[in-house]
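Encoded as structure tokens, the structure appears first; notes follow it.
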Amino acid sequence: MMAWAITAFDALLVALLLWLAWQAIHADGLFRAVISFMVFGLLMAVAWVRLDAPDVALAEAAIGAGVTGALLLSALGRLPERDKEAPADRRARGLAAVGLAALALGGATALATIAWALPAPGLGREVTEALPKSGVDNPVTAVLLNIRAFDTLLEIGVLLLAVIATWALGPMQWSAPARVMSPALPVLGRLLFPMFVLVSAYVLWRGGHAPGGAFPAGALMGAGGVLVFFAGAKPWITGAELDPWRWLLSLGLVAMLVAAVGVGATGRSFFEYPVDLAGLFILALEVAAALSIAILLFALCLGGRPPHRWGSEDEA
Amino acid sequence: MTALAWVGASLVALGVPFFLLGTLGLLRFPDVFTRLHALAKADNVGLGLVCFGLGLHSGSLAHALKLALIWLLMVIASAVGAGLVARAAIARGVKPWGV
Amino acid sequence: MALRTLSRLHSFLRRRTRGVGVFERIVAYAILWWILTEGDVRSLAFGIPAIAAAALINPFAPGGPRAWRLARGGPFFAVFAWLSVRSAVDVAARVIRPARPIDPAVVDYPWRLQSGSARQFMANLINLMPGTLTIDPGEQLLVLHVLGGKERALSGIRRLEERVAGLFGEEIPAHE
Amino acid sequence: MSLYAVLAAALFFLGLHGLFAARHMLRKILALNVMTAAVFLLLVVLAERADVADSVPHAMVLTGIVISVGVTAVAVILVVHLAHGRGRDRGD
């Protein structure tokens, strides 16, 4: 009975995800497409839970539905009217589309089959062996900040590059909301801001021994920042050159580099923490990475270089 | 299962129809305002019953409080959200149906 | 001595945050933290800075002094829960009945509440009450969307306003 | 679990098709994101097959999700600039 119900649930979830993905690409109207994509992200989080990947589910829920949704919706608001509709969308050139579709389906199925037929991968055993020496109990956190910390270093680097790229394109493309939609918004922002702080800290703390950690926490904090920004708060971060908040953008990258190279001073290799201090290293890097990811994601959502000073005209 | 767990499970079962009816209202009601009525009110009670039921089912005070917190946040979000959507609709010149 | 330091700290924090109830907030957030971590003491290394940050930093200016009467919170919540259930059952019944009995109307309701926070609270609360939805919480008038049964909804709103006034400790004129 | 492998293949194809068939740039970005989700899904599904729970793919996907939001942000801002005809005639 239970197994049957679970299979039915999986089938329903898969069907919904496919339908939403189709809607995101082919639905009438960009707004509908973007909303479909956001719901797709939320349901993907459920799929991650079903696939025993709760860490991924947390990040997907905060980023996929929160940050990406905010990005896409604010972009939609900034597109000129004439550009919003794409009338020929649905009648994409028939034959070519069908051919392409067949080719893509064939290719994707072939790839998936090959991947499925390959011997079961697994670094699971290696990770389990290294876990006691890593300094944390959650294997995903151990991989992210110790065993494969190099990946995380580069990832934060990519995020920083993305912020630099968007800021380099010019000043903000969507300013603070033109008017506060309702007096309820600041009240809501005031109420929710402490919640975001507390829950992010909680997720960060949990990362040491259970699903959670710097990425979901950073994403949550970033999403919270975006929310209070749209509720009418003036951000701390500005475009001014010597703005101390701007240093937070590179805090994660700098902290990780210092940790990576710093251990070299004691004759170790890149990211090889002293075993008895590993927990401390990870703790410090997690806090730095979470703060940095939060502010990087927030900076991305600004859509360009913020003004030198958030003037009072922004809150009108 | 203990008696508490049974009560919890039946509360969860009682909550689910509210979600279904709220969603049905979204489909059956004619305009954005009436749909907001259906969603905000039905989901508030539906989630409340589900969270309360799960809290009883878990048998742990901390779990129950956490679920209550989730419900509280959701109630705040849906009350404020419904008001925002209604306000935005009026600002865009949407006329209420049947008025 | 310790008491004096504490009271000095209190007034310092008060000035820093230009608001009321820093200590109340710290207590409230500490309780929240306790709920989140299920009382795990090892979490305090994260908890203390987080509680402090949540209590001291807030990008929004504080609202007016909030004079919630805690003693009235319990009864108010009971009324809220009962009205929520009634409103959900009401809307569910309208959805199920094949005739779909709705008769929407937009009504203006003159505020009797005075303070901003009480009005804000009420305007949002209305969205969860039987058959009413806030469209615009204006300065003079509260514009409502009613799902049907205008008079009944309005008398419900009147009673709700009196309850909110009680919760916020406000005196409001009786309905004529 | 093989159901999710099929989902991964189908999503990848949907996204790839959309990437070419969709006209509007924003839709192309959505299609690209659907493809990314498909790749993540395959990674995690394959990790599920291993005998010992394998957390490396999970960590990779976590990293990937954050990178894809960075890519999406840059792409979206380029689309907005494109729609306003900026970038050619303005130096700043």
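Multiplying the residue separation of residue A:276 and residue A:32 by 0.36 nm and removing their Cα-Cα distance gives an extension gain of 82.6 nm.
Distance between the pseudo-spin-label points of residue B:99 and residue A:247 (7 Å out from Cα toward the beta carbon): 5.4 nm. Across the range C:70-168, Cα pairs under 8 Å and at least six residues apart give a relative contact order of 32 percent. Directionally averaged projected area (chain A, Cα convex hull): 21.4 nm². Computed across the range A:1-85, the Kirkwood radius stands at 13.9 Å (inverse of mean 1/r, all Cα pairs). Each Cα pair under 8 Å and six or more residues apart adds its separation to the average, and for the range A:135-278 the resulting relative contact order is 30 percent. The rule of thumb for compact globular proteins, 2.2 N^0.38 Å, goes into the C-alpha radius of gyration of the range C:70-168 1.09 times. Spatially, the range A:53-83 and the range D:17-43 are offset by 14 Å when compared through their Cα centroids. Plainly put, the protein assembly as shown has a radius of gyration that is 0.96 times its Kirkwood radius, both from alpha-carbon atoms, as the Rg/Rh ratio. If you take all other residues with their beta carbon under 13 Å from the beta carbon of residue A:240, and give Lys and Arg +1 and Asp and Glu -1, the sum is +1.
Per residue, the convex hull around the alpha carbon atoms of chain B comes to 73 Å³.
Take the Cβ atoms of residue A:98 and residue A:210, set R0 to 30 Å, and the FRET efficiency comes out at 0.05.
The trypsin sites (Lys or Arg not before Pro) of chain D that meet both conditions, a loop assignment by DSSP and at most 11 other Cβ atoms within 10 Å of the site Cβ, are D:88, D:90. Inter-chain neighbour count for C:93-102: the average number of beta-carbon atoms from partner chains within 10 Å of each residue's beta-carbon is 4.
Let me have the relative contact order for the range D:2-83, percent, based on Cα pairs under 8 Å that are six or more residues apart. Value for the range D:2-83: 29 percent.
The distance between label points at residue A:268 and residue B:9 comes to 5.1 nm (points 7 Å beyond Cα on the Cα→Cβ vector). Highest-first packing order for the peptide set A:30-38, A:99-107 is A:30-38, A:99-107, based on the mean count of other beta carbon atoms within 10 Å.
Taken together, the values in this text are just the output of simple stated rules run on the coordinates, not laboratory data. This one's a predicted model, so the numbers in the text were calculated from it and none came from an experiment. When we count neighbours, we look across all protein chains shown, and the Cβ atoms used for this are built from the backbone with ideal geometry, even at glycine.
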